[in-house]
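The values are calculated or read from the model by the stated rules, or taken from the named source; none is laboratory data. Note that the structure is a prediction, hence the values are computed from the model and not measured. Because the Cβ atoms are built from the backbone with ideal geometry, glycine has one as well, and the counts that use them run over all protein chains shown. SASA here: full protein model, heavy atoms, side chains in, ligands and nucleic acids out. Shrake-Rupley method; radii C 1.70, N 1.55, O 1.52, S 1.80 Å.
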Amino acid sequence: MSLTTRLKKDLFIKAQSLVPQHQLSRVVGKLAESENLLVKTAVIQAFKSKYGIDLSIAQQADALKYKSFNEFFTRALKDGVRVIDNAQDSIVSPADGAISQIGSIDDGEVFQAKGQSFSVEKLIGDPQLAQPFKHGQFATVYLSPRDYHRVHMPLTGRLTETLYIPGELFSVNQVTAENIPGLFARNERMVCLFDTELGRMAVVLVGAMIVAGIETVVTGKVKPTGRLELNHHDVVLEKGDELGRFYLGSTAIVLFEKDKMAWESQFKANSVVVMGEKLGHTL
């Protein structure tokens, strides 16, 4: 790595701590939810152009017909665009995106990037709730700005708890993953816990810089309170059902217990995945 590249990375990482993360995200959130015609049109068109958004697969293909940038960003897809793998033993990708990391949880530590890992207890936010996953399996899926931004069920399960965990809002990308210790266990997140045929499953929706919100089908859009919020539920969601969505993109992490499932061998770090694709299988 050249000195110039190293300096740019160091400056980028330093800036993450210096900017007012939450205030900036709230400002972006107000802009993203605006229904002012000029504002929402300008933001949508700029975003669409910058990231090459493919609206041909969206239910609403006309960018100007979305009420706000948020509605555009969380757009639904046409029926049949994503097929949920229906094999009885399949576990599917919860989202469109790229695998950040995938594999085994080593004595409670989840691999983040070269030289970096984080505690599953810190990720889940409660030692008792985290216990089933300490020697289990995980997959981290990164949703880029151009991706479909709804998160779906990897496996049928009964939602038993949601735990909102306040935190920081570092950007989520390869640079921050490699340089910010415990990134995913430090950022704001919503932990969703399930009982399944394989035992316990967790799907963690991780916030990031200028992510204007996280929403789940049971909690609605999360309103940051600055404190832990544990809620109990009794809702069954089928494989492929929508679980939640991001208002601007981030990361979903899926966790399973030990010796209950295995990931498909072709998936590695940086593998591209689409929602509903077979990502693993039951044992």
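Data for the structure
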| read-out | value |
| --- | --- |
| Carbon plus sulfur fraction of accessible area for the chain, probe 1.4 Å, in percent | 51 percent |
| At least 20 Å along the helix axis (C-alpha) and Kyte average at least -0.5, DSSP helices within the chain | 3-18, 37-51 |
| When each of 134/260; 122/278; 114/268; 122/260 is checked by Cα-Cα distance, pairs over 21 Å | 122/278; 122/260 |
| Spin-label zone in region 246-283 - amide nitrogen under 19 Å from a point set 7 Å from the Cα of residue 197 along the C-beta vector | 255-264, 276-283 |
| Rounded accessible area of residue 234 (nearest 10 Å², 1.4 Å probe) | 110 Å² |
| Computed accessible area, residue 232, all protein chains, 1.4 angstrom probe, square angstrom | 140 Å² |
| Chain lengthening between residue 229 and residue 168 when straightened (0.36 nm per residue, less Cα-Cα) | 20.3 nm |
| Cα-derived Rg to Rh of region 103-182, Kirkwood definition | 0.96 |
| Surface accessible to a 1.4 Å probe, per residue, for the residues of region 163-281, Å² | 38 Å² |
| Listed residues 219, 261, 59: farthest to the positive end of the dipole of the chain (Cβ charges) | 59 |
| Calculated Rg and Dmax of the chain using C-alpha coordinates, Å | 18.3, 54 |
| The chain: calculated mean residue ellipticity at 222 nm from DSSP helix runs of at least 4, using -39500 (n - 2.57) | -6500 deg cm²/dmol |
| Difference of contour (0.36 nm per residue) and Cα-Cα distance, residue 221 to residue 48 | 59.9 nm |
| Globularity ratio of region 162-283, using Cα Rg and 2.2 N^0.38 Å | 1.10 |
| Distance between modelled label sites at residue 89 and residue 64, nm, 7 Å Cα→Cβ extension | 5.3 nm |
| Theoretical FRET efficiency, 1/(1+(r/R0)^6), r = Cβ-Cβ of residue 281 and residue 161, R0 30 Å, to 0.05 | 0.70 |
| Heavy-atom accessible area ranking, 1.4 Å probe, most first, across 156, 140 | 156, 140 |
